[in-house]
1. GNM, the chain, Cα, under 10 Å: largest mean-square fluctuation among Q69, Q381, Q117?
2. Rank A314, A291, A17 by mean-square fluctuation in a GNM of the chain with C-alpha springs under 10 angstrom and give only the top-ranked residue.
3. If you line up the Cα atoms of the chain on their principal axes, what length do they span on each, largest first, in Å?
4. For the stretch 241-290 and the stretch 99-136, what is the separation of their C-alpha centers, rounded to whole Å?
5. Sort S51, S198, S127 so the one with the fewest other Cβ atoms within 10 Å of its own Cβ comes first.
6. Can you tell me the dipole magnitude for the chain around its Cα centre, using point charges on the Cβ only (Lys, Arg +1; Asp, Glu -1), in Debye to the nearest 20?
7. Treat each spin label as a single point 7 Å out from the Cα along the C-beta direction, and report the L392 to I157 distance in nm.
8. Treating the beta-carbon of each Lys and Arg as +1 and of each Asp and Glu as -1, no other charges, what is the dipole magnitude of the stretch 1-94 about its Cα centre, to the nearest 20 debye?
Amino acid sequence: MHRLVCIHCNTQYPPDAVIYTCSACGHLLTVEYDIDTISVSRSDLLSRPLSVWRYRELLPVDIPPVTLQEGGTPLYHLKRIGEEIGLKNLYAKHEGMNPTGSFKDRGMTLGVSMAIQLNMKMVACASTGNTSASLAAYAARAGIPSVVLLPAGKVAIGKVAQALMHGARVISINGNFDRALEMVHELCISHGIYLLNSVNPYRLEGQKTIGYEVIDQLGYVPDRIVLPVGNAGNISAVYKGLTEWLDLGWIDTIPKMTGIQAAGSAPVVRAIQGDLPSVVPDASPETVATAIRIGAPVNGEKALIAIRKTGGIAESVTDEEILSMQRDLARLEGIGVEPASAASVAGIKKLQEIGMIDSDEEIVCVVTGHLLKDPQTVIAQCSPPIEIDATLPALLSALQL
Ligand SMILES: *Cc1c(COP(=O)(O)O)cnc(C)c1O
Ligand SMILES: [Zn+2]
């Protein structure tokens with residue numbers, strides 16, 4: 001059994017409430033369980049396949065879930081990049097290996113399952129791209145219609161392609177993500193449509209399994225988990241999940257939650273570094289990493305808690321540093337990610353260079369989305385293929401052999 005609880009005033013709401021923020025005070029909600037009633041053991045869990053649903057006793061879904069087999073993503077040792085920056089124990093959790101190519105699938109298998117459990121007939125979201133791709137696919141899987149609002153001209157082409165192909169009603173607005181979210185929120189409240197942005201606490205329940213999988217894959221708790229931060233849902237989700245394992249006595253420490261933003265879109269970094277009581281929004285965020293081009297992070301309040309309570313860090317990286325790390329991941333490690341994803345590893349490189357990291361630390365960077373999401377940003381960084389006549393001499397000369 002679970003309930004929704006306001007993180008600010010503690011007002012409680014029953015599990016069948018369709019509600020996104022506290023009606024008493026307007027703050028964010030979180031999902032709470034009676035930890036004493038969770039009877040599954042760690043070894044029970046370890047005998048199941050690695051996936052979001054390995055952890056079903058710690059999730060709020062009571063019906064057969066709407067699933068495309070999300071989670072169970074690879075954890076790679078970054079040997080070459082680690083050597084280059086002086087970190088022996090550097091890992092990447094490749095969330096681009098989810099069904100639609102980003103971690104959003106972990107949230108959507110939960111969110112769309114809850115939509116069905118709550119008897120909702122239509123789902124919607126605003127998105128910088130990946131949320132819409134994922135929502136469209138999971139709504140198709142569930143057999144219900146979906147609506148997605150995108151900031152016109154600011155969504156990577158692969159993501160739009162997915163949303164369109166999976167049959168969502170795709171609307172481009174002449175405004176940024178933050179405005180799209182306000183609009184879809186109003187639409188959902190006024191028309192009884194289920195809102196599946198990360199303000200929806202059930203989405204975060206799915207995403208918290210990233211932290212569980214990391215520990216199950218490593219066999220121990222790492223010192224630090226590093227995530228790119230946009231709306232700050234993911235970093236909040238991973239932290240929240242690990243506090244539950246702490247309460248269950250399954251772990252005795254939580255990694256330092258470390259958030260990385262793009263320099264042109266860094267309100268969480270400013271709040272942490274400036275020791276501000278809350279996140280002050282950015283009116284016109286800008287970065288090549290469109291998935292984290294967010295000025296008013298919805299889950300900012302939760303993220304500040306996650307970072308502060310674990311002794312974590314927030315840091316920003318330039319677009320140049322992001323793209324350079326995207327190339328390093330691709331060329332030195334064989335790991336293809338979209339720009340926002342490279343931010344986590346670029347951030348750890350910067351933190352190491354400025355002396356914020358102990359070189360013995362066990363560090364897991366979450367790389368959040370797949371290379372093919374944003375092919376245009378990739379093509380723009382690479383020289384084009386060499387075109388030749390279809391003869392062997394021409395080939396040898398092109399290869400300078
Ligand atoms: C959504 C997304 C992010 C940002 O996650 P938040 O939970 O909004 O902080 C980062 N990278 C990619 C690829 C994403 O799709
Ligand atoms: Zn409240």
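1. Q381
2. Checking each option, the largest mean-square fluctuation is seen for A17.
3. 72, 47, 45
4. 22
5. S51, S198, S127
6. Computed charge dipole of the chain: roughly 680 debye.
7. Once both label points are built, they end up 3.7 nm from each other.
8. 480
Quick note: the coordinates plus some simple rules give every number you see, no bench work behind them. Treat the numbers as computed from the prediction; the structure is a model and nothing was measured. Because the Cβ atoms are built from the backbone with ideal geometry, glycine has one as well, and the counts that use them run over all protein chains shown.
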